[in-house]
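J.: I have a structure I would like to understand better, so I am pasting it below and will then ask my questions one at a time.
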Amino acid sequence: MKYRKLANTDLLLSEVTFGAWAAGGWMWGGTERKDAVAAIRVSYSMGVTSIDTAPIYGQGTSEEIVGEAIRGLSRDRIQILTKYGMRWDLKKGDFAFSSKKNSGEDIDIYKYAGKESIIAECEASLKRLGTDYIDLYQIHWPDSTTPIEESMEAVSRLVEQGKIRYAGVCNYNAAQLAEAEKYITLASDQVPYSMVNRGIEAELIPYCLQNHKSILAYSPLERGLLTGKIRRGHVFAPGDHRKEVKFFKGDNLQRTDDFLELLKPMAAEKHITLGQLVILWTLEQPGITITLVGARNSEQAIENANAGETTLSAEDVTIISSYLEQLELVA
């Protein structure tokens, strides 16, 4: 595994970071806790030292699983990235959407990052994670009802108290990053980025490169689409959100599959899977610091971690990008 420095920090994050959304089960059709714990532990044994989670993932379940998985390990060798600002237990802020817990109970999700809410969320996360500090604390989504100044000042207090080491954001655009930077030094912006979702290349990546911010790319495999394992006619489990996502609808699965067929010879030559090839391409894109890749069991975790054992040449990246130019998905 290779490691990269998180901007404006002394943290070295594993290029392949464990994304623990799916491990929490919420919106993924449930979770097998034992499998999720095993996936994190086997990842760690292969050099994946960084884990990204959030309270909303399973309404605390993902953070609890992470806490269980790292128990007994050397805390100073692990980087815990978690978030704040999405509440299912408080009707305040921007209404996001209605959902269901893993148990089937109806819940409403709100994006809220008020000062007292952040302080309370941090305490709850520390307890679930079984640790006394968080390495990177990130607002999950922008909250239009709370001034960015208020949110960042609350996070600054947590830094002063030693409960978090560094601050980041998620899903912020360049203007929001610039506003937040007036009140706190940010390390990173965690945003969606994949071969089929490259919107950040226009404005956000240039801003981050110019202003020395790391980009943590989530969903680089586009929720499994780019592994080549989800084919036309795939039946998703009840509660799996992917059946409503455009990339999995209509002709898009077939078009993506045709594109992936072009990549198979290169993957075979390098003795890696399509998913590993996609991760490596993503890591070679300008501005991308790490990739956040999810796994629900040890087999998936091992495959993801092994991506870090291979490299792509500049020519490889150019060839893949040329194939990608031919891929047209329906909105």
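J.: Could you list, in sequence order, all residues of region 77-103 that are open to solvent by 10 Å² or more (accessible area, probe 1.4 Å), in contact (Cβ under 8 Å) with a residue 60 or more places away in the chain and within 19 Å of the chain's Cα centre (by Cα)? Steps first, please.
T.: The initial filter retains those residues of region 77-103 that are open to solvent by 10 Å² or more (accessible area, probe 1.4 Å), namely 77, 79, 86-103.
When the remaining residues are screened for being in contact (Cβ under 8 Å) with a residue 60 or more places away in the chain, the result is 79, 99-102.
Within region 77-103, just Gln79 meets the criteria.
J.: A follow-up question, please. Taking the condition of being within 27 Å of Asn306 (Cα to Cα), out of contact with any Asp or Glu (no Cβ under 6 Å at 6 or more places or on another chain) and in a loop (DSSP other than H, G, I, E, B), how many residues in region 48-57 meet it?
T.: Taking region 48-57 and keeping what is within 27 Å of Asn306 (Cα to Cα), we get 48-54, 57.
Keeping just the survivors that are out of contact with any Asp or Glu (no Cβ under 6 Å at 6 or more places or on another chain) gives 48-52, 54, 57.
Restricting the remaining residues to those that are in a loop (DSSP other than H, G, I, E, B) gives 48-49, 54, 57.
Within region 48-57, residues that are within 27 Å of Asn306 (Cα to Cα), out of contact with any Asp or Glu (no Cβ under 6 Å at 6 or more places or on another chain) and in a loop (DSSP other than H, G, I, E, B) number 4.
J.: Exactly one of these conditions fails for Asp316: (1) at pLDDT 90 or above; (2) among the charged types (D, E, K, R); (3) within 23 Å of the chain's Cα centre (by Cα). Give me its number.
T.: Single failed check for Asp316: (3).
J.: State yes or no: is Ala307 modelled with pLDDT under 95 and surrounded by fewer than 17 Cβ atoms within 10 Å (Cβ to Cβ)?
T.: Details: modelled with pLDDT under 95: yes; surrounded by fewer than 17 Cβ atoms within 10 Å (Cβ to Cβ): no.
The answer is no for Ala307.
J.: Got at least one residue in region 57-76 being in contact with a Leu (Cβ under 6 Å, 6 or more places away or on another chain), open to solvent by less than 60 Å² (accessible area, probe 1.4 Å), within 30 Å of Ser298 (Cα to Cα) and among the hydroxyl-bearing types (Ser, Thr, Tyr)?
T.: No, the conditions are met nowhere in region 57-76.
J.: Out of all the residues in region 132-147, is one or more modelled with pLDDT of 95 or more and at positive phi? So that I can check it myself, show each step before the final result.
T.: Here is the first cut: in region 132-147, the ones modelled with pLDDT of 95 or more are 132-147.
The next check asks that each one be at positive phi; those that pass are none.
Looking through region 132-147, none of the residues is modelled with pLDDT of 95 or more and at positive phi.
J.: List pairs: first residue in region 241-264 and closer than 18 Å to Phe97 by Cβ, second residue open to solvent by 60 Å² or more (accessible area, probe 1.4 Å) and small (Gly, Ala, Ser) anywhere in the structure, Cβ distance under 7 angstrom, at least six positions apart or on different chains.
T.: Close Cβ pairs (under 7 Å, with a partner that is open to solvent by 60 Å² or more (accessible area, probe 1.4 Å) and small (Gly, Ala, Ser)) amount to Lys246/Ala331.
J.: Right, another one. Out of the residues in region 283-318 that are of a type in the set (Val, Ile, Thr) and touching a Leu at 6+ places or on another chain (Cβ under 9 Å), state the one that is farthest from Lys213 (Cα to Cα). Write out each step before concluding.
T.: Here is the first cut: in region 283-318, the ones of a type in the set (Val, Ile, Thr) are 288-291, 293, 302, 310-311, 317-318.
Within this subset, residues satisfying the condition of being touching a Leu at 6+ places or on another chain (Cβ under 9 Å) are 288-291, 293, 310-311, 317.
On the way: Ile288: 10, Thr289: 9, Ile290: 12, Thr291: 15, Val293: 20, Thr310: 26, Thr311: 24, Val317: 23 Å.
Ranking the candidates gives Thr310 first.
J.: So if I check each of Tyr166, Tyr172, Tyr137, Tyr207, which one is assigned to a loop (DSSP other than H, G, I, E, B) and among the hydroxyl-bearing types (Ser, Thr, Tyr)?
T.: So the residue among Tyr166, Tyr172, Tyr137, Tyr207 that is assigned to a loop (DSSP other than H, G, I, E, B) and among the hydroxyl-bearing types (Ser, Thr, Tyr) is Tyr172.
J.: Can you say whether Gln285 is part of a loop (DSSP other than H, G, I, E, B) and either surrounded by fewer than 17 Cβ atoms within 10 Å (Cβ to Cβ) or among the polar types (S, T, N, Q) (or both), as far as the supplied structure shows? Working first, answer last.
T.: Working: part of a loop (DSSP other than H, G, I, E, B): yes; either surrounded by fewer than 17 Cβ atoms within 10 Å (Cβ to Cβ) or among the polar types (S, T, N, Q) (or both): yes.
Yes; evaluated as a whole, the condition is true for this residue.
J.: Restricting region 175-204 to residues that are within 29 Å of Arg223 (Cα to Cα) and assigned to a loop (DSSP other than H, G, I, E, B), which is most open to solvent (accessible area, probe 1.4 Å)?
T.: The qualifying residue most open to solvent (accessible area, probe 1.4 Å) is Glu203.
The values are calculated or read from the model by the stated rules, or taken from the named source; none is laboratory data. Keep in mind it's a predicted model, so treat the numbers as computed, not measured. Backbone-built Cβ (ideal geometry, glycine too); neighbour counts: all protein chains shown. Ligands, DNA and RNA are excluded from the accessible area calculation, which covers all protein heavy atoms including side chains. Shrake-Rupley method; radii C 1.70, N 1.55, O 1.52, S 1.80 Å.
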